1. Sort the stretch A:119-251 into rounded, prolate or oblate with this rule: let a ≥ b ≥ c be the square roots of the eigenvalues of the Cα gyration tensor; rounded if a/c is under 1.5, and if a/c is not under 1.5, prolate when a/b is larger than b/c, oblate otherwise.
2. Determine the percent antiparallel among the DSSP beta bridges restricted to the protein assembly as shown, to the nearest 5.
3. State the residue of chain B whose Cβ is nearest the axis carrying B onto A, and the distance in whole angstrom.
4. How tilted is helix A:139-155 with respect to the longest principal axis of chain A? Cα atoms for both, answer in degrees (0 to 90, nearest 10).
5. I need the inter-copy label distances for residue B:56: point set 7 Å along Cα to C-beta, values in nm with one decimal, smallest first.
6. Which percentage, to the nearest 5, of the DSSP beta bridges contained in the stretch A:102-261 is antiparallel?
7. With an 8 Å Cα cut-off and a minimum separation of 6 or more residues, compute the relative contact order for chain B in percent.
8. By how many degrees, 0 to 90 and rounded to 10, does the Cα axis of helix A:110-120 deviate from the longest principal axis of chain A?
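Only the coordinates and a few stated rules stand behind these numbers; no lab work does. All values derive from a computational prediction rather than experimental measurement. Every residue, glycine as well, gets a Cβ built from its backbone with ideal geometry; the counts of neighbours run over all protein chains shown.
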C-alpha cells in the first residue's frame, strides 16, 4: 500500500516549495495537504486556542486532497490527523521552506513546528528547508525528501523524534553528499530597527544578523555551508541534564524565600 | 547594587500573576516590565516579523518602569533588552502564569518562550507558573520566584539554560518542599471540537485532555501533583543524541533519491 503523507508548511498553501514537494512525493507516495492559507513565518510552535479554526478545500496539482486553513502549521497537522484526512497518515512532512532552519533558531520555526506536531501525535515526521530566502531551488530538496519519507515510513522513528533537513541551494551536481548532524550553536542575533512614524511615534522591526560562523564540523550549519545536505535528529525533551545534577547541590528551599535569612 | 529584573509574561501586562510577581520582586530587586498588551496563550516561541512592533508606557505598582507591547513574550524581551530598558538586565523572569507549563507542552508555552528569549540573549532566565487555570493564588510562587531571581543573579546559569518553575496551587503550609525535576513525558492530548456555524459551515476549537498520569517521580508533573514546587533546568539544544548515532548506520545517500534503485 502506498505511503500516505500529510504535507504542511509555514509559507502557505500556495508556496512553490510546497508544490515542488507534493509533486515529488506523488511519484512513490500519496500526498495530502493541509497548510496555512497565508504565510506564517516565525510562529514558533504556536497553536490557535482563542479563535475558531476553519479549513476549505483547494486544488494542489499531484495532491490526492488538499485544504487551506486559518491556523498555524501545528494547527494544520492537528486538523489533518484528527478530522480532515479521515485516517492516520504514515508520515508528516513540513516544507519545503525558503530559508534554512538551523541550530537554536529551530525554536522559532513554523516549518519545524509542523513536524513537531506530527511527532507529538507519534507519527514519523520531517521538516525540510532550502538554504536561500530568494531564488530558492527545490528540485534536490524535493527528491531527497521524497526518498526520506519512504525510508522513515519503512523504518519508523523513536517516539518524540523528528528529522530536520536542510539542503544547500545548489544544483544536484554541486551537492557533496548527505551528513547526519547535530544542531549547531550558531544563530541569528536578534536586532531591532527603530523608526519614527509620520505622527512622531516610535515603532520597531525585528531583524537579525547571523552570528559568527559555526566552527563545529558536526553541526547542521557547517554541513550546509560546505555543500552537504544536513539531516538532524531532533527530540522534544529539553531537560538540561548537566544543570539538573548541579542544581541539586544548590539545596534550593522554599524557606529561603522568607526575608528572615 | 540591586538586581535589575526584566519581567514579561503571556497573559498580558494587566494579569494578576504579573502584578504579584512584580510586587514580590520589588522587595529585594528592581523590577522592570515589558509585557504583551493582551493575552497571548499558546504562542510558542513566536516572534513578530511581518508587522511593526510598538510599546507604550504603563503604570504597574512597584515596577521601576513598565511598558505594554503589541508582540509576543519573546518580542517583549527583545524590546526590553535591545531598546526600552537602556541597560542589560541581570535576570529575565516570565510569569506568573495561571496554568502549569510541564513536560513536552513547554514547546507551546508563551511563558517559557519569554524566558527562552532571555536565555538566547545570554541572560539568566526563569519561567514561573501556578498549577491552576482558575482561582490561582500567587503568593507562594511570587515569594519563591523573588528568592530564585536573586540566587541565579548571584550564581548565574550556563549559556542556553533557563529554569522552568511550577508551583502547586496550595497555601504555603501545604507545600511539601522544592524538587529539582526533569521534563515529564505527560502532556495534553490534542483534540478538536467540530461545530457547524449558522451558515452550515464547519469550524473547529482546539481542546485537549491530560494524558495518563506521569509515573516518573523525577518528573515535573509528578512533583507538582504531589505538592512540591518543581524547578526544571531547560536547555535549547534539541539534538536527539541516540538517534544521531542510529541514523549514521542508515547510510542515507542522495543517490537513493533517484528512481533507478
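1. On the way: a/c = 1.84, a/b = 1.15, b/c = 1.60.
In terms of gyration-tensor shape, oblate.
2. Around 40 percent of the beta bridges assigned by DSSP in the protein assembly as shown are antiparallel ones.
3. Of all Cβ atoms in chain B, the one nearest the axis gives B:44, 2.
4. Long axis of A:139-155 versus the principal axis of chain A: about 80 degrees.
5. Going from nearest to farthest copy, the values are 3.4 nm.
6. On the way: 15 of 25 bridges.
That works out to approximately 60 percent antiparallel.
7. Working: 581 pairs, mean separation 44.3, N = 261.
Over chain B, the number comes to 17 percent.
8. Rounded to the nearest ten degrees, it is 90.
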